[in-house]
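**Q** Next up is a structure, given as structure tokens.
Each reported figure results from applying straightforward, stated rules to the coordinates on display, with no laboratory input. Quick caveat: nothing in here was measured; it's all calculated off a predicted structure. Methodologically, a virtual Cβ is constructed for each residue, glycine included, from the backbone with ideal geometry; neighbour enumeration extends over all protein chains shown.
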Amino acid sequence: MSTAKARGDRGEAEVARYLRKKGYTLLASQWRCRFGELDLVARDRRGTVCFVEVKLRTGTAYGLPREAVDRHKRERLRRAAACWLSVHDIDAPARFDVAEVYHLENGAPKVVYLEDAFT
């Protein structure tokens with residue numbers, strides 16, 4: 001496993017822990033289809049299905065992590081989410097969230113969670 005892949009997996013695991021603490025139920029992680037990958041799929045306390053894009057950064061020298069979710073990435077996520085919903089029999093509202101994971105100087109991760117980051 002590459003170092004970047006391992007870091008990404010750790011970032012996704014940190015966000016999964018964060019979501020569980022907030023009362024979310026995890027439905028899928030690293031779910032793949034022909035349109036791409038969904039990092040995490042969760043259901044919040046209200047029953048909304050949340051498609052969570054995780055972005056891991058050590059700093060903001062190249063901009064905020066959420067800025068990496070550009071128009072093309074959003075379109076791939078929309079298509080992958082539609083594919084996920086077509087495979088699963090879930091009748092619930094859905095939204096797209098972005099989770100930014102920063103690694104602080106002391107090594108502890110910090111999660112910044114953006115609900116309904118785009119439509």
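**Q** Counting residues in the chain as N, plug N into 2.2 N^0.38 Å and put the Cα Rg over that result.
**A** This ratio for the chain stands at 1.03.
**Q** A further question on this structure: For the chain, just give the cysteines left without a disulfide-compatible partner, judged by no other Cys Cβ under 4.7 Å.
**A** That list is Cys50.
**Q** Over 18 Å apart: what share of the alpha carbon pairs of the range 32-91 falls there, rounded to a whole percent?
**A** Every Cα pair in the range 32-91 considered, those over 18 Å come to 43 percent.
**Q** Let me ask something additional. Does a label point 7 Å from the Cα of Cys33, set along Cα-to-beta-carbon, have any residues of the range 87-110 with amide nitrogen under 11 Å, and which are they?
**A** Residues 87-89 fall inside that zone.
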